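Bear in mind that the values in this text are calculations on the coordinates, not laboratory data. Since we're looking at a predicted model, the values are computed, not measured. Note: ideal-geometry Cβ built from the backbone for every residue, glycine included; neighbour counts use all protein chains shown.
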Amino acid sequence: MRRRSAVLLSTAALAALALAGCSSPAEPDAEPTGTPADLCAAAADSGPVVESLSVSDASLDEGTVTVDFDTPLEVTDFERQVVVEGTGEPIESGQFLDVALTAYNAETGELYGTAGYQPGEQLPQQISPESTLGLVLGCAPIGSRIAAVFPASDASPTALVYTFDILGVTPTAAWGEPQEPVEGMPTVELDDDGAPTVTLPDDLAIPETTQLATLKQGDGVEVQDGDQVLVQYRGVRASTGEEFDSSWSGGTPAQFGTDQVIPGFTKALVGHTVGSQVIAVIPPAEGYGEGEINEEDLTGETLIFVVDILATQHAAAAPAE
């Protein structure tokens with residue numbers, strides 16, 4: 001199999017370099033702060049170096065961005081400039097943005113690669129005035145293309161040239177087509193924000209293996225084994241109906257790997273599509289283990305999870321031989 005370049009960076013590395021390059025971002029689970037005005041003010045200044053770049057204005061949907069510049073490009077400060085101003089709504093603090101990247105070596109002009117133009121390439125990023133993404137994007141409208149130059153840093157020994165395409169905003173609740181309820185499964189009602197309330201039937205059957213039902217059928221890419229996912233979820237005990245864990249209660253979606261959760265939760269993710277809402281009845285064998293039900297932990301408990309699949313990032317493919 002032919003490889004494009006021996007130095008081509010993975011999508012994760014591209015994103016990591018960009019988001020580590022000019023500031024320390026806020027903690028991932030920190031509550032986003034700031035008003036739209038704060039986000040506008042957070043945008044870094046332009047400058048002579050970024051303004052010297054020649055950036056193509058091809059459609060953001062095409063996924064092809066070219067940047068021409070004289071090499072070596074001397075970058076001493078972080079600078080950014082809006083190259084194409086989108087026609088969508090201005091982005092707001094707290095949103096999860098679908099952003100595609102293109103990266104170049106500022107010294108040699110070599111294209112490192114692109115990330116985010118194909119479904120499943122990377123997860124959306126949450127923006128706030130305190131985040132690095134806030135410094136890069138500010139409050140630019142959806143559809144904008146922004147160029148940025150990053151000086152050499154601990155993350156990268158060479159200066160970098162980036163473009164950022166703001167493709168859209170990821171909803172924080174499942175948006176798929178509602179499906180007919182499955183008889184015998186718990187019922188779910190949603191509030192105005194999409195947060196679920198779970199009602200258990202009086203005759204809930206405890207399955208030997210995880211029982212699933214799709215409440216909303218999404219139209220996005222399918223989650224694969226080993227993916228990183230962005231989800232909303234609520235978990236309740238089958239014995240009492242009481243909540244024991246919830247991203248909704250925490251105030252922000254959760255991100256983790258499909259291999260970092262209990263087996264029953266993995267089944268509610270892998271093979272399902274982005275935009276879907278799935279309910280899972282998980283017996284102890286595929287939860288936290290058999291035993292007597294303990295109020296202190298989840299041993300012996302049958303668990304009910306409602307999971308909204310908001311985005312997925314496929315595991316990196318093995319290098320070609």
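Key figures
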quantity: Check on Ala254, out of contact with any Cys (no Cβ under 8 Å at 6 or more places or on another chain), free of Cβ contacts under 8 Å to residues at least 40 places away in the same chain and aliphatic (A, V, I, L, M); calculated: yes
quantity: Single match in Leu101, Leu133 (criterion: of a type in the set (A, V, I, L, M) and under 15 Å from Val169 (Cα atoms)); calculated: Leu133
quantity: Residue in region 45-66 that is nearest to Ala254 (Cα to Cα), counting only those that are crowded, with 17+ Cβ neighbours inside 10 Å and within 26 Å of the chain's Cα centre (by Cα); calculated: Leu60
quantity: Filtered residue count, region 271-314, keeping only those that are without any contact (Cβ under 8 Å) to a residue 24 or more places away in the chain and charged (D, E, K, R); calculated: 5
quantity: Check on Gly275, assigned to a loop (DSSP other than H, G, I, E, B) and buried (at least 19 other Cβ atoms within 10 Å of the Cβ); calculated: yes
